[in-house]
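Here, each number is a calculation from the coordinates, and none is a lab measurement. None of these values were measured; they are calculated from a predicted model. For neighbour counting, all protein chains shown are included, and Cβ atoms are generated from backbone atoms with ideal geometry for every residue, glycine included.
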Amino acid sequence: MSTVIEQPVEARLVAAAPRMPSIPATLHYDRRDPFAVRMTFPAPATLEGVDVCWTFSRELLTAGMTAPEGHGDVRVRPYGYDRTVLEFHAPEGTAVVHVRSGELRRFLEATAELVPVGLEHLQLDLDQQLAELMRDAC
C-alpha cells in the first residue's frame, strides 16, 4: 500500500482583476508525516518563479470546510456551496485561492483511508525521532 497521496486540484486565484485565473496545485499527504497536508503551486503560477509549498494540518483543512479556521499563515473557510477558500499569508503578501470543495473532500477521504483521523500518532516512530534528536544534540 502506498504511503503517499497526491492529488492535483484546480485553484482559482482571487485577484483585483474581475477574472479569476485557474492555477494548478497539488495536494500531498504522506503517512510518515500524518498530521500534515502540503499544497504545492508550480513555478509558473508564483510571483517568485519557483515552486511554492505550504504545509498545514489536515485538521485545519477539514474544519475549514465547514467554518472559518486558522489564525496563522494558513486560513481556510467555506465559500458558498461548492468552494473552499484557502488564504496563504507571507511577509511578501497574501494569496487567496478558491478550490472546489468536492476535490478537497475526495482528498481528505483518501487520507482518512490511509491514516484514520485520530490514529495519526500510531504512524510516528517516536523512539527513532528521539534518537535522531539526541544524535543531533551531541
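Tabulated data for the structure shown
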item	result
The stretch 31-89 shape via C-alpha gyration tensor axes, a/c threshold 1.5	oblate
Over the stretch 3-101, volume per residue of the alpha carbon convex hull, in Å³	108 Å³
FRET efficiency, 1/(1 + (r/R0)^6) with R0 30 Å, evaluated for Phe35 and Tyr79 via beta carbons	0.75
Fraction of the pair-distance distribution of the stretch 55-94 above 11 Å, Cα-Cα pairs, percent	59 percent
Linear extension gain, Arg106 paired with Val50, 0.36 nm per residue minus alpha-carbon span	17.4 nm
